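Undergrad: Please find one structure pasted underneath; my questions will follow.
The values are calculated or read from the model by the stated rules, or taken from the named source; none is laboratory data. The model shown is predicted, which means the values in this text are computed figures rather than measured ones. Every residue, glycine among them, receives a Cβ derived from its backbone with ideal geometry; neighbour counts consider all protein chains shown.
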């Protein structure tokens with residue numbers, strides 16, 4: 001009577017609940033990543049349609065938000081209330 005590791009682990013209720021929660025969290029993370037990528041793609045299409053370079057716009061966004069310690073502090077101070085209300 002040999003039992004595979006999967007059968008042994010499935011027989012432990014807490015372990016199977018833990019694994020199912022991990023898969024649910026992975027699905028949530030992928031949905032968020034896809035949403036962010038689609039937002040950047042949509043922004044890039046709009047920028048291209050209006051004659052602007054998406055690379056220049058996104059690099060200016062990053063440098064303006066995280067270019068030095070002052071801008072990082074301002075970014076976090078503005079984002080904190082939004083994070084706590086979400």
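Undergrad: Can you give me the ranges of the helices (runs of 4 or more DSSP H) entirely in the chain with at least 3 residues that are surrounded by 10 or more Cβ atoms within 10 Å (Cβ to Cβ) and at pLDDT 90 or above?
TA: On the way: elements: 5-10, 13-49, 54-66, 69-85.
By residue number, 13-49, 54-66, 69-85.
Undergrad: Right, something else. Name the pairs whose Cβ atoms lie under 6 Å apart, with the first residue in region 21-47 and within 17 Å of residue 58 (Cα to Cα), the second in a helix (DSSP H, G or I) and modelled with pLDDT of 85 or more, and 6 or more positions between them or separate chains?
TA: Final answer for the pair search is 44/54; 47/54; 47/57.
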